[in-house]
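Right, one structure below, let's go through it.
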Amino acid sequence: MSAVLEVRNLRLWYGTARGSVRAVDGVSLEIAAGSVLGLVGESGCGKSTLGRGILGLLPEGARADGEVLYKGRNLVTMAPRELRRLRGPDLGLIFQEPMTRLNPLLRIEDHFRETLEQHESKLTDDAIRRRSLDTLGRMGIPPTRFRQYPHEFSGGMRQRIMIALALVLRPSLLVADEPTTSLDVIVEAQILRILADLKANFDTALLLITHNLGIVAEACDRVAVMYAGQIAEEGPARDVFAEPKHPYTRELLRSTISLETTELHSIPGAPPNLITPPTGCRFHPRCPDVMRVCPARDPIETRPEPDRRVLCWLYGPDGDIPPGGTEPAERERIALAEEA
Amino acid sequence: MNQTGPSLKRYAITRLALVVPMVFILLTLVFLLMRVAPGNPVSAALGGHAPPAVIKAISHQLGYDKPVYVQYAHYLGQIIRGNFGTTISDRRSVGSIILVNGAATLELTFFALIVAIVVGVLVGLVSGRFRDSPIDAGGRLFGIVVYATPVFFLGMLAQLVFGIWLNWLPTSDQASPITEALLQTHTNIFFIDAIIDGNWTALKDIVEHLILPATTLGIVYGGVFIRLIRINVIRTLKEDYIEAARARGINERSVVYRHAFRNALVPVITVVGLSIALLLGGAILTETTFNWPGIGHELYVYLQNRDYAAVQGIVVVFALVVVAASIVIDFATAFIDPRVRY
């Protein structure tokens, strides 16, 4: 399988009054056609920024550096006009909050018509209608509701409409930014089934951003764990869950709730601010396995197994660790103070 | 499943039915306020030096010595028959004041509103779209300055510049005496009368007279709209559905026109409607500045004379205009925004 999307050393940052926020700091990823990559991590670790950054939909004043290769073309340096044309027919995005994503003054039909006319100007009225209704039908929205307004639909239905609106153009890559977070579990299951069927139906590559590890285990082929703007660990979902390498992944997995949960585990502290992140490994203030080398030097990505990569000094490379670096270090007090 | 047609109709019927109690309350309030306000209309009409016996006799003749509730019942009865009575001070028919002077004010206010909307929408949309650019700074400055300027000052300035220095336009009256004398009366609105007759010379004269007062009044209120529309455009451009439209690759032009401007203008409709009341108030000053024979100017004169009949009639007309405007606004909003209908 060839990669539809290849992200190479992508950095995204934006200026604030207190300094520049490095929301994404040297991320590399690959997504193959028809595969699902889960992107997980706590809130505020840069997942959404990464998802939007891939489509070039960053807030004003944001900067990007590195490469986002879509079918070999670099989106970072592409002219805005050209990138705009790719959004929709090539790169789709669905959002966390479906309630406010449809224009309240326009009918569902108007949304579809506008989208199709924008990208496939040769379509006849009839073809637009047929394609829209067909896509909506797959999402379980009956044709009778085509001429209704957004406020006449529930949250779950609106999210299905948003997905249909993204899929009607048959994009090769779909970025789904926590598409089920604001929905109830039954609707969540529906949406996930729809997304899982995507690859079978359209051969769409999916970047699924979520903080729900259960969803990743169920729906994703591969998973990337993000922490403080960097990819801490990446690999096949099954392997990462069975045997997490990075202490952060391990702690994250321990924090999930299941039927066997008797005591709630949480990772002490909070994700660092991205203006002045901790030195060395960004997770070191909260890491249970912290070593002397961790705060001193930036970790180097290693491949403990051929198909997996991890950003942690526990896996070397040993040659780069100074003598005595592997001695355990005291966990910094700041993290615990922050928690209080 | 709900269809939009019948529900818009139902909305309209409900809305219209509410007009009856609204007008009734308005009539009552105006009536009571005039009785509570100090001053005696009869003595004011007679110049303030008439002997008490004469005042009493005239008050009796006009029915002002009867209990208030009797006067009120009589007043309502007359209004229902469409009779607004005659003024106390100069024995004119209130109905004809409303028709003739009201038409002049309507003409002025209507064109002023158009000027206000055109100026406000254009400058407001451009300022909001190009936020913090030099264009925006200019638009905002213009908005503040014209709004802060008293309408009579702006009027006098316009008279000085365009009337006297440049001598382009007439500075007072609704039309030249010759036009007024020759124009046939159909609606009392000069602009429409001239069009009905196909009298283009008169129309040119009327338009020339209209330009300065309507622009003056319109620009002042345009200042309010500029700020309002600008802020609405800025807020709308941050809406989630704008980002969603961009994520679907909709071109910037469509995003701005179809999604941002349209949605930004919905709340503005309401304010435009409400500002009709403000415009009527501003019309009083504009009419005085430009010697425009409008109803606002009449109201000012009759108020000074404590002329119950005239003031009641005129205020009720003002109130009815505001009610009518609010209905039109509600329909317009319901037509544009489907959420309002439910």
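The values are calculated or read from the model by the stated rules, or taken from the named source; none is laboratory data. Treat the numbers as computed from the prediction; the structure is a model and nothing was measured. As a convention, Cβ positions derive from the backbone with ideal geometry for all residues, glycine included, and neighbour counts pool all protein chains shown. Just so you know, the surface numbers come from the protein's heavy atoms only, side chains and all, with ligands and any DNA or RNA stripped out. Shrake-Rupley method; radii C 1.70, N 1.55, O 1.52, S 1.80 Å.
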field: Net charge contributed by nearby residues that have their C-beta within less than 13 Å of B:Phe142 (K/R +1, D/E -1)
entry: +2
- prompt: At what distance in angstrom do the alpha carbon centres of segment A:138-203 and segment B:123-145 lie from each other?
  reply: 40 Å
Cα centroid of segment B:227-257 to Cα centroid of segment A:300-325, whole Å: 47 Å
field: Solvent-accessible area, 1.4 Å probe, carbon plus sulfur percent, for chain A
entry: 49 percent
- prompt: Assigning unit charges at the beta carbon (Lys, Arg +1; Asp, Glu -1) and nothing else, what dipole magnitude in debye, to the nearest 20, does the protein assembly as shown show about its Cα centre?
  reply: 1140 debye
- request: With θ set to phi - 60°, apply the Karplus curve 6.51 cos²θ - 1.76 cosθ + 1.60 along segment B:173-184 and write out the HN-Hα couplings as whole Hz, x wherever there is a Gly or Pro.
  value: 6, 8, 6, 5, x, 5, 5, 4, 5, 8, 6, 6
query: Considering amide H positions built from the backbone, and no H for Pro or chain starts, which residues 5 or more places from A:Gly92, or on another chain, come under 5 Å of its amide H?
result: A:Leu173, A:Leu174, A:Val175
- request: Summarise the partner chain shielding of A:99-110 as one whole number: the mean count of Cβ atoms from other chains within 10 Å of each residue's Cβ.
  value: 5
- prompt: Quick one: helix A:108-119 against the long Cα principal axis of chain A, what's the angle to the nearest 10°, folded into 0 to 90?
  reply: 80 degrees
query: Under 5 Å between amide H atoms, partner at least 5 residues away or on a different chain: which partners does A:Arg308 have, H built in plane at 1.01 Å?
result: none
task: Leaving out ligands, DNA and RNA, calculate the buried accessible area for the pair A and B with a 1.4 Å probe, summed over both sides, in Å² to the nearest 100.
output: 2400 Å²
- line: Residue-ordered couplings for segment A:299-305, obtained by feeding phi - 60° into the Karplus form 6.51 cos²θ - 1.76 cosθ + 1.60 and rounding to whole Hz (Gly and Pro as x), are x, 10, 5, 10, 10, x, 9
- request: Choose one of B:His259, B:Gln174, B:Thr28: the residue whose Cα lies farthest towards the positive end of the charge dipole of chain B (beta-carbon charges +1 Lys, Arg; -1 Asp, Glu; about the Cα centre).
  value: B:His259
- request: Would you compute, from DSSP H runs of 4+ residues alone, the mean residue ellipticity of chain A at 222 nm, taking -39500 (n - 2.57) per run and dividing by the full residue count, rounded to the nearest 500?
  value: -9000 deg cm²/dmol
Cα gyration tensor shape for segment A:13-108, rounded if a/c is under 1.5, else prolate or oblate: rounded
task: Please tell me the relative contact order of chain B in percent, rounded to the nearest whole number, where contacts are Cα pairs under 8 Å and at least six residues apart.
output: 28 percent
field: Amide H within-cut-off set for A:Val4, under 5 Å, with H built and near neighbours excluded
entry: A:Ile31, A:Ala32, A:Ala33
- request: Give the residue from B:Leu228, B:Ala319, B:Trp200 lying farthest towards the positive end of the charge dipole for the protein assembly as shown; charges sit on Cβ (+1 for Lys and Arg, -1 for Asp and Glu) and the dipole is referred to the Cα centre.
  value: B:Trp200
query: Given A:Lys122/A:Lys199; A:Lys245/B:Lys238; A:Lys47/A:Lys71, which pairs have Cα atoms separated by over 32 Å?
result: A:Lys245/B:Lys238
message: Counting only Cα atoms, I'd like the Rg/Rh figure for segment A:101-167, Kirkwood definition for Rh.
response: 0.93
- request: Could you rank A:Ile191, B:Ile336 by how accessible they are, 1.4 Å probe, largest area first?
  value: B:Ile336, A:Ile191
message: Whole-Hz ³J(HN,Hα) for each residue in segment B:134-145, computed from phi via Karplus 6.51 cos²θ - 1.76 cosθ + 1.60 with θ = phi - 60°, x for glycine and proline: what do you get?
response: x, 4, 4, 4, x, x, 5, 4, 4, x, 5, 4
- line: Taking segment A:141-270, the equivalent ellipsoid from its C-alpha gyration tensor has semi-axes in Å, biggest first, of 31, 18, 13
- line: Computed over chain A, the relative contact order (Cα-Cα under 8 Å, seq sep at least six) in percent reads 19 percent
- request: Compare the Cα positions of A:Tyr14, A:Val187, B:Phe331 along the charge dipole of the protein assembly as shown (+1 at Cβ of Lys, Arg; -1 at Cβ of Asp, Glu; about the Cα centre) and return the one farthest towards the positive end.
  value: B:Phe331
message: Could you work out [θ]222 nm for chain B from helices alone, using -39500 (n - 2.57) per DSSP H run of at least four and dividing by all its residues? Round to the nearest 500 deg cm²/dmol.
response: -24000 deg cm²/dmol
- prompt: Going by alpha carbons, how many degrees (0 to 90, nearest 10) lie between the helix axis of A:155-167 and the longest principal axis of chain A?
  reply: 80 degrees
query: Taking Cα atoms, how many degrees apart are the long axis of helix A:125-138 and the longest axis of chain A, rounded to 10 and kept between 0 and 90?
result: 50 degrees
